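Data block below; observations after.
The values are calculated or read from the model by the stated rules, or taken from the named source; none is laboratory data. This structure is a prediction, so every number in the text was calculated from the model and none was measured. Glycine also receives a Cβ, built like all others from the backbone with ideal geometry; neighbour counts cover every protein chain displayed. Calculation scope for accessible area: heavy atoms of the full protein, side chains included, ligands and nucleic acids excluded. Shrake-Rupley method; radii C 1.70, N 1.55, O 1.52, S 1.80 Å.
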Amino acid sequence: MMHVHQQRSRLYVPLGVLAGGLGLSACVLAGGVVGAAQGIALAGVVGAVLIYALSGRGGDVGAVLSADRDERQAQLDIRARAITSVVLLAVCGVIAAREFLQGGRAQPYFDLCLLAIATYLTALFWLKRRT
Amino acid sequence: VKNLVRESRTVAGLSQAELGEALGVSRQTINAIETGKYLPSLPLAIGLARYFDTTVELLFDPDTKTRRK
């Protein structure tokens, strides 16, 4: 039987995804793009349901998605986030380079690369002070 | 780092899930420690050693590498 704490922690990530999706959808709707807003809202709902369903499974993936994890699963989460960040940065870098080569301004990809580098350096110095 | 967690657990007659529950970690984490895929934190290593009434040095041998399965 699942404990109340585990049940509650299962909701954290799906609710975050749902809130993010609906928030973004509201912004797009305010901009007058109704179709895109509906699509984003639907994606948020589907994503939240999917993550909730996956978090109910036993094993590492379920534990990480339910935010009720032990130290090894927390490391898995951190590594997965790091890989995601590197992949996103690489994609932004490649697109920015391609757009620069075509004579464009590479926006917003170049700015995202700068933001990622600045965030990394800030986080590095902040974490260095703490540990 | 080679360790004697599997041997100690077997002698104690525990399953990986039971040991994990006793230490507040998952069955998968106990399995990962036993197979050498995961090196536990110092608090968890101490917890394991205390649970089996031994020392960290005896439970974990830093001079020997475990072959990953």
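Below is a table of values for the structure above.
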| quantity | calculated |
| --- | --- |
| Pair list, Cβ under 6 Å, 6 or more apart: the stretch A:109-121 residue free of Cβ contacts under 8 Å to residues at least 24 places away in the same chain, other residue among the β-branched types (Val, Ile, Thr) and assigned to a helix (DSSP H, G or I) | A:TYR109/A:ILE95 |
| Meets criteria (loosely packed, with under 15 Cβ neighbours inside 10 Å, closer than 25 Å to A:ALA67 by Cα and of a type outside the set (Ser, Thr, Tyr)) for B:LYS2 | no |
| Considering residues of the stretch A:30-53 that are open to solvent by less than 40 Å² (accessible area, probe 1.4 Å) and either within 17 Å of the chain's Cα centre (by Cα) or of a type in the set (S, T, N, Q) (or both) only, the residue farthest from B:SER26 (Cα to Cα) | A:ALA41 |
| Matching residues in the stretch A:54-73 - criterion: being more than 12 Å from chain B (Cβ to nearest Cβ) and crowded, with 16+ Cβ neighbours inside 10 Å | A:LEU54, A:SER55, A:LEU65, A:ALA67 |
| Selection from the stretch B:38-52 of residues that are surrounded by fewer than 18 Cβ atoms within 10 Å (Cβ to Cβ) and either under 10 Å from B:ASN3 (Cβ atoms) or touching a His at 6+ places or on another chain (Cβ under 6 Å) (or both) | B:LEU39 |
| Criterion: in a helix (DSSP H, G or I) and either touching a helix residue (DSSP H, G or I) at 6+ places or on another chain (Cβ under 8 Å) or exposed (fewer than 11 other Cβ atoms within 10 Å of the Cβ) (or both) - qualifying residue of A:VAL17, A:VAL86 | A:VAL17 |
| Per-region count, the stretch B:9-28, residues within 14 Å of chain A (Cβ to nearest Cβ) and either small (Gly, Ala, Ser) or open to solvent by 60 Å² or more (accessible area, probe 1.4 Å) (or both) | 7 |
| Scope the stretch A:44-83; condition assigned to a helix (DSSP H, G or I) and among the basic types (Lys, Arg); matching residues | A:ARG72, A:ARG79, A:ARG81 |
| Test set (1) surrounded by 13 or more Cβ atoms within 10 Å (Cβ to Cβ); (2) modelled with pLDDT of 90 or more; (3) assigned to a helix (DSSP H, G or I) - A:THR122 fails condition number | (1) |
| All positions within the stretch B:1-35 that are among the basic types (Lys, Arg) and in a strand (DSSP E or B) | B:LYS2 |
| Filtered residues of the stretch A:74-85 (kept if more than 19 Å from A:LEU15 (Cα to Cα) and more than 13 Å from every other protein chain (Cβ to nearest Cβ)) | A:ILE78, A:ALA80, A:ALA82, A:ILE83, A:THR84, A:SER85 |
| Qualifying residue in the stretch B:4-15 (condition: closer than 15 Å to A:ARG72 by Cβ and out of contact with any Lys or Arg (no Cβ under 8 Å at 6 or more places or on another chain)) | yes |
| Index of the failed condition, A:GLN102 passing every other in (1) away from chain B (no Cβ under 14 Å); (2) surrounded by 13 or more Cβ atoms within 10 Å (Cβ to Cβ); (3) out of contact with any helix residue (DSSP H, G or I) (no Cβ under 6 Å at 6 or more places or on another chain) | (2) |
| Any chance A:LEU127 is surrounded by fewer than 10 Cβ atoms within 10 Å (Cβ to Cβ) and not basic (Lys, Arg) | yes |
